[in-house]
Amino acid sequence: MNTTIADGTVREIDGVQRIHYDGYWIKMYDPPADSLQAKKALIGALTRRLFNHVEHGINIPGRRVGEARAAFQAETDPARRRVKGAMLAGSLFNRATDIFTKLVELQEQGVEIDQDNALMRECGACLQEALSLGRLVLHRSGDEGIDELWGEPFRAFSIPVEAFYESRYIKIAQTMRDIDRIASAMIDTLACNRLFLGSEPLIRRYADLAKLKCETLRTDDAIFDVWADFVVASENLGAFAPQLAADAPPTEQQLVADGQRLIGQGRDLIAYITRARVPMPKSTREFIERCKLFDTICRTRLDGTPLI
């Protein structure tokens, strides 16, 4: 009889402590003690992570919030207003980090800081406004925003550190699910096609290592092997050569070019969500639709029947 495993179940599997969410057993890490110092380190790490994944040019110092706000409010062109709103979001984000850093420094000097402190409220307000503007910010790919990254520092600020770590496991499970969805779409579209025979094990290997990378913290000693294996798997997938005869007709040559482009797009999308450790639903949905369209076109052309 099949039994459902409850989310949050913890087990030791092959000597590794893991927690279960949404069908995935995710590697667990002990959270730091719930303190201002721990939150300072966590929010600092989340800030660096955010700016590493979003579009260039929005990492504006917190001291320039006033200037950034004035520029945003004065802008009337919709495209330019989006960019200036993203810059304001970045500046607010940095101001919140600056405030929190100073509060922790005061605490380290023996000054008691309670949650109702005026600067604590200002920090929370900056994070909340940055979150509301985060929808204007695009991923570095230029395809969509990753709102989840803007919400994480506010959650880290608002809830105990242990609860924040638990929420991250849920996001990692969702990310792993999308990695599997993207890989399945690639396999269903390409691996059964005679032009792309041999691609399936490369896709599966890459997806498996992407999930391993997704669950592994950079502070883990295993990251050296995990990251190296992930990069090599990405390179191997990118180097895949379709089964194209030297005298292949132009139709097949075009299909191979389109299929290789699809492999590259899928590989890049998996890399984006793996490194960010959050789903990218719009990009994932659109990629799967492109796979379905390519499959339809490919089957029609290889059958020799005309396209409608």
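FYI, it's all coordinate maths here, none of it is from the lab. Note that the coordinates shown come from a computational prediction; the quantities given were computed from them, not determined experimentally. Every residue, glycine among them, receives a Cβ derived from its backbone with ideal geometry; neighbour counts consider all protein chains shown.
What is the Å³ per residue value for the convex hull set by the Cα atoms of segment 172-303? Display every interim value, and only then the final one.
Details: hull volume 11.1 nm³, N = 132.
With only Cα atoms used, segment 172-303 gives 84 Å³ per residue.
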Only Lys, Arg, Asp and Glu count, each charged at its Cβ (+1, +1, -1, -1), so figure out the dipole size of the chain about its Cα centre, rounded to 20 debye. 740
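Fewest first, what order do LEU212, LEU92, LEU262 take by the number of other Cβ atoms within 10 Å?
On the way: LEU212 18, LEU92 25, LEU262 21.
In increasing order of surrounding Cβ atoms, one gets LEU212, LEU262, LEU92.
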Mind computing the radius of gyration and Dmax over the alpha-carbon atoms of segment 4-148? Å is fine for both. 18.9, 59
Among TYR29, TYR169, TYR206, which comes first, then next, by fewest other beta-carbon atoms within 10 Å? TYR29, TYR169, TYR206
Point-charge dipole on Cβ atoms (K/R +1, D/E -1) for segment 178-308, about Cα centre, debye to 20: 340
What order do you get for ASP229, ASP220 when you list them from fewest to most C-beta neighbours inside 10 Å? ASP220, ASP229
Along the positive direction of the dipole of the chain (beta-carbon charges: Lys, Arg +1; Asp, Glu -1; about the Cα centre), which of VAL104, ALA248, ALA185 reaches farthest? ALA248
Integer Hz, Karplus 6.51/-1.76/1.60 couplings in order for segment 236-243, x for Gly and Pro: 5, 5, x, 8, 4, 10, x, 8
State which entries of LYS213/LYS282; LYS84/LYS213; LYS39/LYS211 exceed 31 angstrom in Cα-Cα distance in the structure shown. LYS84/LYS213
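Per DSSP H run of at least 4 residues, take -39500 (n - 2.57); add these up for the chain, divide by its residues and hand me the 222 nm value, nearest 500 deg cm²/dmol.
-22000 deg cm²/dmol
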